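*Asks:* The following block contains the structure, expressed as structure tokens.
All of the numbers you see were taken from the coordinates with simple rules; none came from a lab. Given the structure is predicted, the values throughout are model-derived calculations rather than measurements. Heads up, the Cβs are rebuilt from the backbone with ideal geometry, glycines too, and the neighbour counts pull from every protein chain shown.
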Amino acid sequence: MDPQPRFDVLDPGCPSRTVLRHLTDRWTPLVVGVLAVGPARFGEVRDQVGGVTAKVLTQTLRSMERDGLVSRRAQPTMPPRVDYELTTLGLTLVEPLDALRGWAEQHADEVLEARSSYDLGPAPAPDGG
């Protein structure tokens with residue numbers, strides 16, 4: 001018999017739920033995609049991740065660093081240079097997040113069509129059916 005899993009994201013009190021929430025937030029998958037090709041400076045990440053503000057990118061990178069997904073390396077140059085790079089743990093996210101990103105790109109038309117049909121259709125019954 002297999003031992004019970006230590007973590008269960010379906011349990012609302014399980015800490016793995018916060019990990020999942022972080023990995024599926026708006027920006028983390030995009031930052032992973034940028035850093036998957038190698039280290040990058042803050043401005044390079046910001047330029048490639050369209051629409052993210054400097055403040056939100058800073059928060060995202062700090063959170064990823066806290067979780068052990070990204071390393072931050074400051075170079076003693078003038079002006080200072082800071083590079084961000086996926087850690088060994090962060091690199092384990094590349095494949096699953098690439099699959100998720102690929103699915104979104106491959107099926108975006110279908111999802112948008114379904115959304116449009118739903119929005120134009122009759123209102124759902126009050127019982128949710």
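*Asks:* Over the Cα atoms of the range 1-52, what Rg and Dmax result, in angstrom?
*Replies:* For the range 1-52, the Cα radius of gyration and maximum Cα-Cα distance read 15.9, 51 Å.
*Asks:* Something else about it: Using every pair of alpha-carbon atoms in the chain, split the distances into 5 Å bins beginning at 0 and state the percent of pairs per bin, rounded to integers.
*Replies:* P(r) for the chain, in whole percents per bin: 2, 9, 14, 16, 15, 13, 11, 8, 6, 3, 1, 1, 0.
*Asks:* How high is the FRET efficiency between ALA125 and SER63 when r is their beta carbon distance and R₀ equals 41 Å, given to the nearest 0.05?
*Replies:* After rounding, the FRET efficiency stands at 0.50.
*Asks:* Would you calculate, for the chain, the mean residue ellipticity at 222 nm contributed by helices, counting each DSSP H stretch of 4 or more residues as -39,500 (n - 2.57) and dividing by all residues, to the nearest 500?
*Replies:* The helix-only estimate for the chain comes to -16000 deg cm²/dmol at 222 nm.
*Asks:* Quick one: check the C-alpha center-to-center distance for the range 1-65 versus the range 72-129, whole angstrom.
*Replies:* When both Cα centres are located, 10 Å separates them.
*Asks:* Scan the range 1-98 for chymotrypsin sites (Phe, Trp or Tyr not before Pro) in coil per DSSP, keeping those whose Cβ has at most 14 other Cβ atoms within 10 Å, and list them by number.
*Replies:* Taking the range 1-98 and a limit of 14 other Cβ atoms within 10 Å, the loop chymotrypsin sites (Phe, Trp or Tyr not before Pro) found are PHE7.
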